[in-house]
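Worksheet: the structure to be examined is printed underneath.
The values are calculated or read from the model by the stated rules, or taken from the named source; none is laboratory data. Note that the structure is predicted; figures quoted are calculated from it, not measured. Please note: Cβ atoms are built from the backbone with ideal geometry, for glycine as well, and neighbour counts cover all protein chains shown.
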There are 2 protein chains.
Amino acid sequence: MERPRNISRVVDGVDRVDDLVDRRPPSVTLTEVAQRAGVSRATAARALGGYGSASAAARDRVLAAAAALGYRPNLPARNTRNGTTTTVGVVVADIASPFFGQSTRSISDAAKAAGLEIMVLNTDEELEAERAAVHLLLDQRVAGMVVAAASRTDGRHLAQAQAEGVPVVLLDRRVIGLDADRVYADNGAGAALAMAELIGQGHRRIGYVSSAAGPHGHPPGAPLVVDELVSSGGDRIRAYLAALAEVVDEPTRYLALCPFGEEAAYAATRELLARPDRPTAVFASDSVIALGVLRAIADAGFAVPGDVAVVAGDEPAWSRVTTPPLSTVTQPVAALGRAALELVTRRLADPTSPCTDVVLPTTFQARASTGGSVGA
Amino acid sequence: MERPRNISRVVDGVDRVDDLVDRRPPSVTLTEVAQRAGVSRATAARALGGYGSASAAARDRVLAAAAALGYRPNLPARNTRNGTTTTVGVVVADIASPFFGQSTRSISDAAKAAGLEIMVLNTDEELEAERAAVHLLLDQRVAGMVVAAASRTDGRHLAQAQAEGVPVVLLDRRVIGLDADRVYADNGAGAALAMAELIGQGHRRIGYVSSAAGPHGHPPGAPLVVDELVSSGGDRIRAYLAALAEVVDEPTRYLALCPFGEEAAYAATRELLARPDRPTAVFASDSVIALGVLRAIADAGFAVPGDVAVVAGDEPAWSRVTTPPLSTVTQPVAALGRAALELVTRRLADPTSPCTDVVLPTTFQARASTGGSVGA
C-alpha cells in the first residue's frame, strides 16, 4: 500500500504543465562579467576567486562589472559551506531508450530555461547502481534530483537525500513509503484503452511482455506481487489483468516478465509464440520491449496483425515507420520532463509544502498493428 | 583545409578501443566513510568540511575513517582553488536521437568505470547554444568535455576551453583549425559502400537527404561548401557526390539539405518525390532523417524498395523492425563513446602529448530496403 498523499493533483491538460514551468532568465555568466570588464575569462575568474595573479586595476574592473551585472558566483567552487550547485541530477534506467532519452532531453530543455543544468546518471535498473548514483549526486551537492527509481519498495537512499535537504522528484515511478513529489503518466488508463481495443476485436489469448522485474526478471513460479514492480509497469499489468479477468479464466497465463532489455523480450516472445495455444495479440510494455517482440514475431514466421496483433505501452519515434504502423499508448513524454524539472524548482522555492503528484493523461493510438480481425 | 595533425591513428578493431579505457576503481565515497565511522552521512560531511555541528568524538572517528579508506574529498565544494571536479561535460546536438543517445550512454558507462560522472547539455545544432554550454561547463570547472560541435568552422569557444586547461574531445565532428583529440567513425567509407550497392543495382537517380547545414538548412541556390558542413555529414556527402560523379553528369541534382529534424526531412523528401524524374533511391544521412524519409515515401504512395530504395547513414535500434528492414551504414556507436571518454582521461594524464585521432570503421549492412531491382 502507498501511504496517503497530502495532495494529489491530476493535470488533465498538457498545456497546463507548460504554464507551471519557471522561466527565470539564466543567471549572469562569468563570460559576461569578463566581457564587461574587458578582461579574459581566466583573469575574471582569478579576480573573483581571489587566487592567482590579477592586477589591482583588473580586479577592480571585474568586481565593478560583477556588481553592475548582478553576478551571482554560483560555481561549485564558490559553494564552500553547505551551498549547492545549479545542477539537477537525473537518474534514469537507460538514457539510450526512447522514453528516457526524450524525457531527459525535456528536463534538459526546461533546466536550461530555468538557468540550471543537468547531470545524467544511468542505472540499468539496478538498485545498487542507483544508490551509488544518488550518493554521487549528494557528493556533488546537486540542487535537486529527478529519479526514475529502480525499486518500488526500497527508497531509503532517496529518503536520505531528502533528509540532507535535497529535493527528490520521482519520474515515471512511485516508491512505496517515500513522501516525494512525483510525475508520471496514467499508464493504467492507457493500458486499459489498449486492452479494450484488443478484447473488442475478439482477442482472448493476449500476451504481455515486460522487463518489469529488474535486471534478473521475474523468477519462474515465484508469486507475482504487482506492488513490488516499478509502478509504471505495475499499473499497466494491473490494467491488463483486470481487463483479461473479465473475459478469461486464467488472466496470468500469457504474462511474461523478463529481464531488462530487447534481447530478453525477444526470447520471452519466442517462448510465448512456440506454445500450441500461442497468443493472438501481444502487449509490449514499452518501445524497447516492442523491438524484441516485433523481431520475435517476424523470426517465428508470423505476420502482424494477421497472426499476432501488437500494442506498445509507449510511443517511440519509429512507431509510424513499421509495416504495419504500431498501435501505441501515447505518453506526453516532453511534458513529463518539464513537469519533473518544475517540481524540483518548486520544492527548492518552498521546501515544506505538501508533496504533489502530477499525473499526465495517456491516450491509445490505434494503428494498423491492431487492425486485423482475430483469426482461428 | 584541416591543419595537419601531429598524430593520426586509425583503430581498425573496436576491441582495441576497449583496451584503452582506464578502469580505475571509483574513489571512496562519503557514504563509505560515514559507514565506517558509524555516523550519518550528514555528520561525516560536517566533520570533513569543518562546518556545522559535530561532536569531537564523531569528528575524530570520521577523520580516522577517511584516512583509513584513503578518502579523497573530490566534492565540488572541496575544490576551492583552481581545482576541477570529477565531471566530464558532454555537449551534443540532440540527446533524444539514437546516435547521441547511445553514444552519450556509452560515455556515461565509461565515465562511471573511471570514477567520473557526466553532465549533459543539448544544443539543437545551434552554435550560440553550444557557446553557452561550453561557458557553463567552464564555470562548473569540469575536468574535461566531449563536444559534438555544431560548427565546422568556428571553434573559438572550444579553443578558449583548451586555453583554460580543460581538455576538449571532439566527437563525431572535426573542427577546422582546432588542435584537439577527436573520435569519429569513417563515415565516408560507409557512405561509399552504400552508394556502391545502390549504383550496382542500377540506381542513377539517388537522392540524399540530410540536415547537414544547421538549424536553418542550406539556403536554396547558395553555393555548397562541403567543408563548412559538420564533418560527419560532409564526409558522407563527399562520398555520395564522388560515387555519383562516376555515373551521372549532375551529381548534386538530388542533394537535399534541410533544417534540423525529422519534419524537415519529411518535407524535403516529399519535394524530391514530387519531381517528374523522382529519385529511385534515397540515402538518409542518419536515423532521425530516415524516419522522415520513410514516412514521406509511404505518404506519397510509394513502396520500399520497389519504388524507392532507402539507406540510412547510421543504424537505429529499429532498423530491423521496419518492413522491409532498413539497410544501414553501421557505426560502432558504443565504441565511439568509450573512446571519447578515454581521450579525455588520457589528455588529463598527459596534457602536452600530440593530439590523437581515433577513427573507427563503418560497415554497410544490406537489408531488404535496398533489396529490389530498379524499376522504370
Answer from A:Thr87, A:Thr29, A:Thr104 - the residue that is touching an Asp or Glu at 6+ places or on another chain (Cβ under 6 Å), surrounded by 15 or more Cβ atoms within 10 Å (Cβ to Cβ), within 11 Å of chain B (Cβ to nearest Cβ) and at pLDDT 50 or above: A:Thr87
Can you tell me how many residues within the stretch A:242-257 are under 27 Å from the mean Cα position of the chain (by Cα) and outside any loop (DSSP other than H, G, I, E, B)? 5
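Answer yes if at least one residue in the stretch B:354-367 is of a type in the set (Gly, Ala, Ser) and either buried (at least 21 other Cβ atoms within 10 Å of the Cβ) or more than 29 Å from B:Asp109 (Cβ to Cβ) (or both), and no otherwise. Talk me through it step by step, then tell me what you get.
First, the residues of the stretch B:354-367 that are of a type in the set (Gly, Ala, Ser): B:366.
Among the residues that remain, those that are also either buried (at least 21 other Cβ atoms within 10 Å of the Cβ) or more than 29 Å from B:Asp109 (Cβ to Cβ) (or both) are: B:366.
Checked against the condition, which is being of a type in the set (Gly, Ala, Ser) and either buried (at least 21 other Cβ atoms within 10 Å of the Cβ) or more than 29 Å from B:Asp109 (Cβ to Cβ) (or both), the stretch B:354-367 yields at least one hit.
Conditions tested, residue by residue: (1) surrounded by 24 or more Cβ atoms within 10 Å (Cβ to Cβ); (2) outside the structural domain of B:Ser285 (by TED's automatic domain parsing).
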position: B:Ala159; (1), (2): no, yes
position: B:Glu164; (1), (2): no, yes
position: B:Val168; (1), (2): yes, yes
position: B:Val175; (1), (2): yes, yes
position: B:Leu178; (1), (2): no, yes
position: B:Ala192; (1), (2): no, no
position: B:Glu197; (1), (2): no, no
Quick check, is B:Val329 surrounded by 24 or more Cβ atoms within 10 Å (Cβ to Cβ), touching an Asp or Glu at 6+ places or on another chain (Cβ under 8 Å), under 30 Å from B:Ala113 (Cβ atoms) and within 14 Å of another protein chain (Cβ to nearest Cβ)? no
Subset of the stretch A:108-125 that is over 13 Å from B:Met119 (Cβ atoms) and of a type in the set (A, V, I, L, M) - its residue that is surrounded by the most Cβ atoms within 10 Å (Cβ to Cβ): A:Ala110
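Restricting attention to the stretch B:107-128, and to residues there that are of a type in the set (A, V, I, L, M, F, W, C) and within 8 Å of chain A (Cβ to nearest Cβ), which single residue is nearest to A:Asp109 (Cα to Cα)? Before the answer, list the steps.
Of the residues in the stretch B:107-128, the ones of a type in the set (A, V, I, L, M, F, W, C) are B:107, B:110-111, B:113-114, B:116, B:118-121, B:127.
Imposing the further condition that a residue be within 8 Å of chain A (Cβ to nearest Cβ) reduces the set to B:118-121.
On the way: B:Ile118: 17, B:Met119: 14, B:Val120: 11, B:Leu121: 9 Å.
Going through the qualifying residues, I end up with B:Leu121.
Given the residues A:Thr104, A:Thr153, which is the only one that is in a loop (DSSP other than H, G, I, E, B) and out of contact with any Cys (no Cβ under 7 Å at 6 or more places or on another chain)? Full working, then the answer.
Details: A:Thr104 fails: in a loop (DSSP other than H, G, I, E, B).
On inspection, the qualifying residue turns out to be A:Thr153.
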B:Tyr184: passes all of (1) assigned to a helix (DSSP H, G or I); (2) modelled with pLDDT of 95 or more but (1)
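Is there a residue being outside any helix (DSSP H, G or I), modelled with pLDDT under 95 and surrounded by fewer than 18 Cβ atoms within 10 Å (Cβ to Cβ) anywhere in the stretch A:133-143?
no
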As an exercise: evaluate B:Phe260 against (1) within 14 Å of chain A (Cβ to nearest Cβ); (2) in a helix (DSSP H, G or I); (3) aromatic (Phe, Trp, Tyr) and give the number of the one condition it does not meet. (2)
